[in-house]
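Asker: Just passing along the structure, written as structure tokens.
The values are calculated or read from the model by the stated rules, or taken from the named source; none is laboratory data. Quick caveat, the model's predicted, so the values are computed rather than measured. Virtual Cβ from ideal backbone geometry, glycine too; neighbours counted across all protein chains shown.
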Amino acid sequence: MPPSLDQARVALAAQPFSRLLGAQLNRFGPDGVELRVPVCPAHRQQHGFAHGGRLGYAADNALTFAAGAVAGPEGLTAGYTINVLAPVLGDRLLARAWVISAGQRLIVTRCELIEPHPAGDRLSAIAHCTIARTTYIAGLGVG
């Protein structure tokens, strides 16, 4: 059974890197997740845009949490791609992710990275991910 929003928030808080970055889960369920990630001056590259590593973190975590909302917590990122469409200039980023396909061994997810604006949200990047269920990963001592 997939975890609740409160359980997912506990799992996120158990990740030291997520705590360091100040990430928060706004929404979590089988219809998708939303991860809020602040962007401060230390998270920018030389042109003042949010660093690609910040976008990659937001996408990877949202994609994996989306898989967990459907299939439970036993999954790890097997690979993901991200396409940046517009630079992030503001002070926060929303990663909205959902499951496209949940198979017995692999789960495929999609994420949109949104920069919220009062005049209208802007799509900054899209990402796709393949999540491997840990029960099928050799060497982890499971399955």
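Asker: Report yes if Thr77 is surrounded by fewer than 17 Cβ atoms within 10 Å (Cβ to Cβ) and under 12 Å from the mean Cα position of the chain (by Cα), otherwise no.
Answerer: Details: surrounded by fewer than 17 Cβ atoms within 10 Å (Cβ to Cβ): yes; under 12 Å from the mean Cα position of the chain (by Cα): yes.
Here the answer is yes, as Thr77 does meet what is asked.
Residue-by-condition table, conditions (1) β-branched (Val, Ile, Thr); (2) more than 17 Å from Leu113 (Cα to Cα):
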{"site": "Phe49", "(1), (2)": "no, no"}
{"site": "Leu55", "(1), (2)": "no, no"}
{"site": "Asp60", "(1), (2)": "no, no"}
{"site": "Leu63", "(1), (2)": "no, no"}
{"site": "Gly72", "(1), (2)": "no, yes"}
{"site": "Leu76", "(1), (2)": "no, yes"}
{"site": "Val84", "(1), (2)": "yes, no"}
{"site": "Gly90", "(1), (2)": "no, no"}
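Asker: I've got another one for you. Hey, any hits in segment 61-68 for a residue that's in contact (Cβ under 8 Å) with a residue 60 or more places away in the chain, under 15 Å from Thr130 (Cα atoms), touching a helix residue (DSSP H, G or I) at 6+ places or on another chain (Cβ under 8 Å) and assigned to a helix (DSSP H, G or I)?
Answerer: Yes: one or more hits.
Asker: Separate question: Mind listing whichever residues of segment 72-84 are modelled with pLDDT of 90 or more and out of contact with any His (no Cβ under 8 Å at 6 or more places or on another chain)?
Answerer: Here is the first cut: in segment 72-84, the ones modelled with pLDDT of 90 or more are 77-84.
Correct list: Thr77, Ala78, Gly79, Ile82, Asn83, Val84.
Asker: Give me a count of the residues in segment 28-59 that are closer than 19 Å to Ala125 by Cβ and surrounded by 13 or more Cβ atoms within 10 Å (Cβ to Cβ).
Answerer: Residues in segment 28-59 being closer than 19 Å to Ala125 by Cβ and surrounded by 13 or more Cβ atoms within 10 Å (Cβ to Cβ): 20 in total.
Asker: Now a separate question. Quickly run through segment 27-43 and pick out the residues that are touching a helix residue (DSSP H, G or I) at 6+ places or on another chain (Cβ under 7 Å) and assigned to a helix (DSSP H, G or I). Write out each step before concluding.
Answerer: Here is the first cut: in segment 27-43, the residues touching a helix residue (DSSP H, G or I) at 6+ places or on another chain (Cβ under 7 Å) are 28-30, 32-33, 35, 37, 39, 43.
His43 - this is the single residue of segment 27-43 that is touching a helix residue (DSSP H, G or I) at 6+ places or on another chain (Cβ under 7 Å) and assigned to a helix (DSSP H, G or I).
Asker: Related question: Take Val99 and decide whether it is modelled with pLDDT of 95 or more and either touching a strand residue (DSSP E or B) at 6+ places or on another chain (Cβ under 7 Å) or not in a loop (DSSP other than H, G, I, E, B) (or both).
Answerer: Working: modelled with pLDDT of 95 or more: yes; either touching a strand residue (DSSP E or B) at 6+ places or on another chain (Cβ under 7 Å) or not in a loop (DSSP other than H, G, I, E, B) (or both): yes.
So Val99 fits the description; yes.
Asker: Restricting to segment 111-127, give me the number of residues that are under 14 Å from Leu85 (Cβ atoms) and surrounded by 13 or more Cβ atoms within 10 Å (Cβ to Cβ).
Answerer: 11
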